[in-house]
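Okay, structure first, notes after.
The values are calculated or read from the model by the stated rules, or taken from the named source; none is laboratory data. Note that this is a predicted model, so its numbers are computed, not measured. Neighbour counts run over all protein chains shown; Cβ positions are idealised from the backbone, glycine included.
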Amino acid sequence: MSRKLKVLIGVLVAVAAVGFVFASPAVAKVEGDTIVFGAAVSFTGKYSTNGKHTKNGYDLAVKRINEMGGVKVGGKNYKIKVQYYDDESTPARAGQLADRLIKQDGIKFILGPYGSGPTKGMAPITEKYKIPMIEGNGASRALFNKGYRYLFAVLTTSEQYLAESINLLAEEFKKDGRDPSTATVAIAVENDPFSMDIRAGVLDDAKKWGMKVVIDDKLPKELTDMTATLTKVKALRPDLLIVSGHSKGAALAVHEPWSGQVK
């Protein structure tokens, strides 16, 4: 599922909740005939590219919903809009802005930021004030084992993202008449909650098949160079290389100039 489609679904789910919240003590913020949602996303900092994509997805959903007449609440049609702030790609700032949206701006519906870190920064705040947050970009499983009642996600948790690649490798080995337990795997992930969850899922599935992990590198958060990891890949020639590093890290892995190739 594409990132834009996920955030579009997120907005639609949030809109579906409008009628319920309107009927409860937590009345939505309304300006004229418009219901106002709030969002703190990354316009600057490490996640700025992804944050802008997130905003584009939200804006597309708002445009489509408004073109179809908005949302009907209590027999009246309302348009919707989103009030944005820049969380600067940091969890602490995301939490501060969630507090501002709720306490100062009177927002009663929150759309999630990009990334597990900023989402973790916002979740305790929305939970404290019992404000629903719909999100499609924070996939760390640590978000979903704390008993939050006001956090709603439209995505799978991150440990499932790339684990299936191990099963695919095993299937290919079987087709070739080889034992999947003889396969070798290289892992290179950024040292952040999202990517470390991806690593955990890959390690679990590799263990199930008895595969050997020959490289297990944790990349720096400010990722600018993967030469050391890719040099090891060239030397060891694993059957599968798995990289997790958001947009910047993924692009770097693809474009890094190196002559080695996985088998």
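If only residues of region 88-147 that are within 14 Å of the chain's Cα centre (by Cα) and basic (Lys, Arg) are counted, the one that is farthest from SER48 (Cα to Cα) is ARG141.
Checking each residue in region 182-197 for being within 19 Å of SER89 (Cβ to Cβ) and not in a helix (DSSP H, G or I) picks out VAL189, GLU190, ASN191, ASP192.
Only one entry of ALA123, ALA170, ALA200 meets the criterion of being part of a helix (DSSP H, G or I), buried (at least 16 other Cβ atoms within 10 Å of the Cβ) and in the same structural domain as VAL233 (by TED's automatic domain parsing), and that entry is ALA170. Is region 66-83 home to any residue that is among the aliphatic types (A, V, I, L, M), in contact with a helix residue (DSSP H, G or I) (Cβ under 9 Å, 6 or more places away or on another chain), assigned to a helix (DSSP H, G or I) and surrounded by fewer than 20 Cβ atoms within 10 Å (Cβ to Cβ)? No, region 66-83 contains no residue that is among the aliphatic types (A, V, I, L, M), in contact with a helix residue (DSSP H, G or I) (Cβ under 9 Å, 6 or more places away or on another chain), assigned to a helix (DSSP H, G or I) and surrounded by fewer than 20 Cβ atoms within 10 Å (Cβ to Cβ).
Being of a type in the set (A, V, I, L, M) and touching a residue at least 60 places away in the same chain (Cβ under 8 Å) is a property that VAL73 lacks.
Here's the yes/no breakdown for (1) polar (S, T, N, Q); (2) closer than 21 Å to ALA153 by Cβ; (3) in contact (Cβ under 8 Å) with a residue 24 or more places away in the chain:
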{"position": "ASP33", "(1), (2), (3)": "no, no, yes"}
{"position": "TYR58", "(1), (2), (3)": "no, yes, yes"}
{"position": "ASP86", "(1), (2), (3)": "no, no, yes"}
{"position": "ALA94", "(1), (2), (3)": "no, yes, yes"}
{"position": "LEU97", "(1), (2), (3)": "no, yes, yes"}
{"position": "ARG100", "(1), (2), (3)": "no, no, no"}
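Across region 178-189, not a single residue is classified as among the small types (Gly, Ala, Ser), within 30 Å of ILE102 (Cβ to Cβ) and either free of Cβ contacts under 8 Å to residues at least 12 places away in the same chain or crowded, with 22+ Cβ neighbours inside 10 Å (or both).
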